[in-house]
Amino acid sequence: LLSSVEDALFTPALLLTMKLSKVMMAIFLLTHWTACAWGWLGHPDRHQSTFGSEPHEISTCEPGGSCEPGITGSPWLRRYALELEPVIDQYLFSLRFATGIFTGSDFGLQPGFWGERAFVVFAMFASFIFLSTTVSKIVVMFNQIAQENNEHEELMVQFKDFMSKGGVPFAVQQKVRRYLEYQYKARRELQARRFEMLDKLSPWLRKEVTVHINRHILTQHPFFREMPEYLLPHACIIAVSVLCAPGDVVLQTGQKKETMYFVARGKLQVTVGSCEKGSIMLDDEELNNDERAQVMPAPGFFCADALFQDSWTSPYTVMCRTHVE
């Protein structure tokens, strides 16, 4: 069930949360089963002792301890005068004991006969092996996150040092920093790594996944929407994903192109006419007052005429207002 939820609602943060949830659930279930087994062993019928032939009065018990002398005796429910307590209280005592085994802390209750002692020895060895494996998995998960963060921070420092020594203007440095931050976020969300991951699949599986990802984007245009079903997959696998930063100029007026662009996410500024005018980021008020400029949000497309003409020259300049794919 948890694996199905991961597949349906996949994000790195959710994946980590689901993994930790599965680990915690496994620990709780094992603790619960250990508590149930300990409660079953603690029933007075499991063993008869010289000092435990009859239920003990709580007033005769040692404060905070057992009601029988020595380290051997009756099962723990009678030994600690708990057999008349409500079942829920007995379960909580047993769960406290099981938690002590799994965490290596004080048990609160000591075994009284051979069956309980054998169970405690087995449970301690089993909990040591299970928790060692579990802790190592948790450490590996957090080490992977820390490694990605360290690599990103090191890359940022290297770029900052490189641009400072090269005399790169501060405004350009800020653009580079924002783009690297966006690329890092995109890689964590697997947007920038999906083609790298697709290379690990067989050719046919890679084609099927790529077609599924690109189909709804390409079919925004009537030409691809009406394309025969056996041809559309071939067009889908040709598409290439490009990430652009705010302020990047995707296309300039007068530029010759033979490709078509689809906007999968983000916003573009499209300015008809002058190349210099279109390379300037306009604010919302300027956009409203400039009839030649408009915003193109995702989903959308441009340069469609380039596919159907031998020589097409762009009449507009396209610039990224946000991070765009």
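Glu54: open to solvent by 30 Å² or more (accessible area, probe 1.4 Å), over 30 Å from Phe130 (Cα atoms) and within 48 Å of the chain's Cα centre (by Cα), yes or no? So Glu54 does not fit the description; no. For the range 63-81, the criterion of a residue being of a type in the set (Ser, Thr, Tyr), surrounded by fewer than 21 Cβ atoms within 10 Å (Cβ to Cβ) and at pLDDT 80 or above is satisfied by at least one position. Annotation for the range 159-176: no member residue is out of contact with any helix residue (DSSP H, G or I) (no Cβ under 8 Å at 6 or more places or on another chain) and closer than 28 Å to Thr17 by Cβ. Scanning the range 54-112 for residues that are small (Gly, Ala, Ser), free of Cβ contacts under 8 Å to residues at least 60 places away in the same chain and within 25 Å of Met124 (Cβ to Cβ) gives Gly64, Gly65, Ser66, Gly70, Gly73, Ser74, Ser94, Gly100, Gly104, Ser105, Gly108. Pairing residues of the range 308-325 that are in a loop (DSSP other than H, G, I, E, B) with residues that are open to solvent by 50 Å² or more (accessible area, probe 1.4 Å) and among the aliphatic types (A, V, I, L, M), at Cβ distances under 9 Å and at least 6 apart in sequence or on separate chains, gives Pro315/Val272; Arg321/Met281; Arg321/Val295; Glu325/Val242. Can you find a residue that is under 29 Å from Leu180 (Cβ atoms), in contact (Cβ under 8 Å) with a residue 60 or more places away in the chain and aliphatic (A, V, I, L, M) anywhere in the range 139-149? Checked the range 139-149: at least one residue is under 29 Å from Leu180 (Cβ atoms), in contact (Cβ under 8 Å) with a residue 60 or more places away in the chain and aliphatic (A, V, I, L, M). Using beta carbons and a limit of 9 Å, which pairs, at least six apart or on different chains, have the first residue in the range 163-185 and over 19 Å from Arg321 (Cα atoms) and among the β-branched types (Val, Ile, Thr) and the second one in a helix (DSSP H, G or I) and open to solvent by 60 Å² or more (accessible area, probe 1.4 Å)? Every condition considered, the pairs that remain are Val168/Phe162.
To keep it simple, each residue is scored yes or no on (1) surrounded by fewer than 16 Cβ atoms within 10 Å (Cβ to Cβ); (2) at pLDDT below 85; (3) among the hydrophobic types (A, V, I, L, M, F, W, C).
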residue: Arg225; (1), (2), (3): yes, no, no
residue: Glu229; (1), (2), (3): yes, yes, no
residue: Thr259; (1), (2), (3): yes, no, no
residue: Val270; (1), (2), (3): no, no, yes
residue: Pro297; (1), (2), (3): yes, no, no
residue: Gln309; (1), (2), (3): yes, yes, no
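Those residues that are open to solvent by less than 40 Å² (accessible area, probe 1.4 Å) and outside any helix (DSSP H, G or I), I need them from the range 19-51; list them, please. Residues satisfying the conditions are Gly42, Ser49. Search the range 139-185 for residues being of a type in the set (Gly, Ala, Ser) and part of a helix (DSSP H, G or I), and hand back the single one that is surrounded by the fewest Cβ atoms within 10 Å (Cβ to Cβ). Per the stated criteria, the residue is Ala171. When Gly100 is tested against the conditions (1) touching a helix residue (DSSP H, G or I) at 6+ places or on another chain (Cβ under 9 Å); (2) within 16 Å of Phe119 (Cβ to Cβ); (3) open to solvent by less than 70 Å² (accessible area, probe 1.4 Å), the lone failure is (1). Only one of the numbered conditions (1) at pLDDT below 80; (2) in contact with a Leu (Cβ under 9 Å, 6 or more places away or on another chain) is not met by Gln147, and that is (2).
Going by the structure shown, is Phe107 in contact with a helix residue (DSSP H, G or I) (Cβ under 7 Å, 6 or more places away or on another chain) and modelled with pLDDT under 80? So Phe107 passes the test.
The values are calculated or read from the model by the stated rules, or taken from the named source; none is laboratory data. Note that the structure is a prediction, hence the values are computed from the model and not measured. Backbone-built Cβ (ideal geometry, glycine too); neighbour counts: all protein chains shown. Note: accessible area is taken over every heavy atom of the protein model, side chains too, but ligands, DNA and RNA are not part of it. Shrake-Rupley method; radii C 1.70, N 1.55, O 1.52, S 1.80 Å.
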